[in-house]
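A short worksheet on the structure shown next.
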Amino acid sequence: MEFKKKKFKILSIDGGGLRGLIPLQVIKKIEELTGEPIHKSFDLIAGTSTGGLLACALTVQDFETIEMDVRKFSLSQIEDIYVKKGCEIFPPTKKILKPYKFFKNIFRPQFDVKNLDKILEEYFGDQRITSCLRHIFIASYNIHRNQPIFFTTRDASTVPDRNSKIIEICRATSAAPTYFESHKFNYDSENIICIDGGIVMNNPTIGALIEVLGNNDYKHYKIDGKNLNLSDISILSLGTGRSNKMMNSSNSKKWGTYNWIKPIIDISTSGPSKITNQQMETIFRSANLEKNYLRIDIDIDERYSEMSDSKKTTSDYLLKEAQSQFTNNHTLQYKLNSFLEDSGII
């Protein structure tokens, strides 16, 4: 019988608004293959923006049962956030806005955050980071200090003032500029003001890797009590769809502040995600550890790439493409199976 070295397993989920439906389909497949909830297959789950919301929803404990290590929500309940409640979070807007609404969107966030707050309260209530059944790593950006901030179970379990409510963390990581207002709350004995972590780390994979390797004195970032090396770590990175959207770059030399706002936000999220994937592939390839890292993403049409598009036709399209490009893709299925086997998950 072949001996398999134990691995520290990381699941990383990108930001992308309602396109969080896409990585959720991969997670469904993994749970189907393992017969276990996803939190039992990974040691740490990292997420940014919608990925951060998923990280919390996939790991938050059900305190209404006497059994231990039971997740509160089924995947169907989590999927409802995107399919059924998406139009509450992002109410559809008319193609032609009335003048007052057009100018309001210039000077105010496009969406009322109260709708998102209501849903987060419904799902998470007063539960805190330490209510999560597995370690989490969630990225945001503190504009009060002008620096990135990472919310982790490690910090929450060792510093009481960092054990924030899950709803605060979800708001902090998903406060996308122009979409929602920034989020202010008390963390580590001071008021912080956060915006969407996707601005600096839409793909949190490398952040999660550094979190684990950079804190090897933490008792839960070890295998059999020994410090981790890169060879001890396996990472599954899930994207929220690659758009083939092309900018009208030939006219960009004439663009001013207004014209650049939306393109800059798109570039600041999609660009770093691609860079992170390239860096991770290089890191693991240079160490001859290609089997320890897998990135799964799909291509999506520009018409359905807007992360706040809550129309049923869009969610249907995303589900259809996930089925076509992932579930029915034998090559990708083989890669996933191989990764899960090499990581000791199945």
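The values are calculated or read from the model by the stated rules, or taken from the named source; none is laboratory data. Predicted, not measured: the structure shown is a model, and the values here were computed from it. Heads up, the Cβs are rebuilt from the backbone with ideal geometry, glycines too, and the neighbour counts pull from every protein chain shown. When the accessible area is computed, the model is the full protein with side chains, heavy atoms only, and any ligands, DNA or RNA have been set aside. Shrake-Rupley method; radii C 1.70, N 1.55, O 1.52, S 1.80 Å.
Residue-by-condition table, conditions (1) open to solvent by 80 Å² or more (accessible area, probe 1.4 Å); (2) closer than 30 Å to Tyr218 by Cβ; (3) under 18 Å from the mean Cα position of the chain (by Cα):
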residue	(1), (2), (3)
Ile233	no, yes, no
Asn259	no, no, no
Thr269	no, yes, yes
Thr282	no, yes, no
Arg285	yes, yes, no
Asn292	no, yes, no
Lys312	yes, no, no
Ala322	no, no, yes
Asn337	no, no, no
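Specify which of the listed residues (Phe8, Phe73) is touching a residue at least 40 places away in the same chain (Cβ under 8 Å), in contact with a helix residue (DSSP H, G or I) (Cβ under 6 Å, 6 or more places away or on another chain), open to solvent by less than 10 Å² (accessible area, probe 1.4 Å) and among the hydrophobic types (A, V, I, L, M, F, W, C).
Numbers: Phe73 fails: open to solvent by less than 10 Å² (accessible area, probe 1.4 Å).
Criteria check complete, one pass: Phe8.
Go through (1) surrounded by fewer than 24 Cβ atoms within 10 Å (Cβ to Cβ); (2) in a helix (DSSP H, G or I); (3) out of contact with any strand residue (DSSP E or B) (no Cβ under 9 Å at 6 or more places or on another chain) one by one and return the number of the condition Leu18 breaks.
(1)
Give the number of residues within the stretch 287-345 that are among the polar types (S, T, N, Q) and more than 21 Å from Pro92 (Cα to Cα). Don't jump to the end; show me each part of the working.
Of the stretch 287-345, the ones among the polar types (S, T, N, Q) are 288, 292, 305, 308, 310, 313-315, 323-325, 327-329, 331, 333, 337-338, 343.
Subset that is more than 21 Å from Pro92 (Cα to Cα): 288, 292, 323-325, 327-329, 331, 333, 337-338, 343.
Number satisfying all stated conditions: 13.
Quick check on my filter: what residues within the stretch 337-346 are within 12 Å of Thr34 (Cα to Cα) and either in a helix (DSSP H, G or I) or touching a Ser or Thr at 6+ places or on another chain (Cβ under 7 Å) (or both)?
The initial filter retains those residues of the stretch 337-346 that are within 12 Å of Thr34 (Cα to Cα), namely 337, 340-341, 344-346.
Result: Asn337, Leu340, Glu341, Ile345, Ile346.
Could you look through the stretch 133-190, keep only residues that are farther than 23 Å from Asp69 by Cβ, of a type in the set (S, T, N, Q) and not in a helix (DSSP H, G or I), and pick out the one that is modelled with the lowest pLDDT?
Thr178
Identify, from the list Thr130, Thr178, Thr173, the residue that is open to solvent by 50 Å² or more (accessible area, probe 1.4 Å), among the polar types (S, T, N, Q) and touching a residue at least 60 places away in the same chain (Cβ under 8 Å). Walk me through it before giving the result.
Numbers: Thr130 fails: touching a residue at least 60 places away in the same chain (Cβ under 8 Å); Thr173 fails: open to solvent by 50 Å² or more (accessible area, probe 1.4 Å).
Matching residue, one of Thr130, Thr178, Thr173: Thr178.
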